[in-house]
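These notes concern the structure reproduced below.
Each reported figure results from applying straightforward, stated rules to the coordinates on display, with no laboratory input. Since we're looking at a predicted model, the values are computed, not measured. Note that each Cβ is placed from the backbone with ideal geometry, even for glycine, and that neighbours are counted across all protein chains shown.
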Ligand SMILES: Nc1ncnc2c1ncn2[C@@H]1O[C@H](COP(=O)(O)OP(=O)(O)O)[C@@H](O)[C@H]1O
Ligand SMILES: [Mg+2]
């Protein structure tokens, strides 16, 4: 199931997505001609609104005309075969793709109506408002305290040490890590277990009071117990934040999300309530994927 790590190169990713049209009567070329996403890709209370987004690496297109809304306080899961563009799409939402050489994003991405690709926008501030948690926990080589305090410090969110202490404690509590680390705040973040490190990265992301949290396969390096804790945490966090999570695990998507988006060869095929996607998918390609015919 978890093959992402071994599917690093273009060729291998393509091999993984070549099979999909077997067993369905839809070819990728027909899909490209239609530009059609089926299902409920628009919502009334959109936090983010994505319209006609294309992403290219050099002259190779990785995302094709994707339009979808992300509702306020919803957890939306993004699933699909390796190499279908999930990470590329997620990175477009906080302009992390700006940091990738040769990557170009076209289309319209808004948060609360604000154009996130406006040249006037402060990208550093944007990445605090739209935080990101990666596949591999990546704490800074600093103390647990400093990992969490770093963002609030550079964004000027705390006037005094007491304020900063408060933000650190609150963030660690919200990431359900406080009890495990309160007696070792000044030890290295990298000394924690993998699951604790990932919760530390979540605490670091929420310390700057983001509005949206993007998670790219946040549990794929974790054991089942650490995974279960992160999943519980996602549910709690969704009361205060909007969350978009890429996951390789359909079970995880089913457990944590309210809507699920299915990507295939860079196209958004279907967005629907999660339960529907896993019981009565609207598109033949979604059905092939969830029934394990490819992926
Ligand atoms: N930095 C990059 N440079 C060139 N191509 C890339 C880069 N990152 C991803 N790609 C390509 O874009 C496509 C989508 O990749 P990705 O978004 O990583 O898919 P997923 O996260 O669904 O596995 C793949 O064909 C991949 O090889
Ligand atoms: Mg990925």
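Listed highest first by mean packing, meaning other Cβ atoms within 10 Å per residue, what order do 205-214, 90-99 come in?
205-214, 90-99
On the first, second and third principal axes, largest extent first, how far apart are the outermost C-alpha atoms of segment 143-239 in Å?
The Cα atoms of segment 143-239 stretch 39, 29, 19 Å along their principal axes.
Please check: in the Gaussian network model of the chain (C-alpha springs, under 10 Å), which one of 68, 55, 38 has the largest mean-square fluctuation.
Maximum among the listed residues: 38.
With both partners inside the chain, how many of the DSSP beta bridges are antiparallel, as a percent to the nearest 5?
Details: 25 of 44 bridges.
About 55 percent, rounded to the nearest 5.
With a Cα-only, solvent-free Debye model of the chain, what are the log10 I(q)/I(0) values at q = 0.08, 0.13, 0.15 Å⁻¹?
Ignoring solvent entirely, the Cα scatterers give -0.34, -0.90, -1.17.
Picking from 279, 160, 227, which is most flexible by a Gaussian network model of the chain using Cα springs under 10 Å?
Maximum among the listed residues: 160.
Each label point is 7 Å from the Cα along the Cα-to-Cβ direction; what then is the distance between the points at residue 291 and residue 223, in nm?
Simple spin-label model gives 3.7 nm for this pair.
Given the DSSP H assignment, sum -39500 (n - 2.57) over each helix run of at least 4 residues in the chain and divide by its residue total; what's the result at 222 nm in deg cm²/dmol, nearest 500?
Numbers: 12 runs with 106 residues, N = 295.
The helix-only estimate for the chain comes to -10000 deg cm²/dmol at 222 nm.
Choose one answer from 82, 49, 40: the residue with the largest mean-square fluctuation in a GNM of the chain with alpha-carbon springs under 10 Å.
Judging by the Gaussian network model, the answer is 40.
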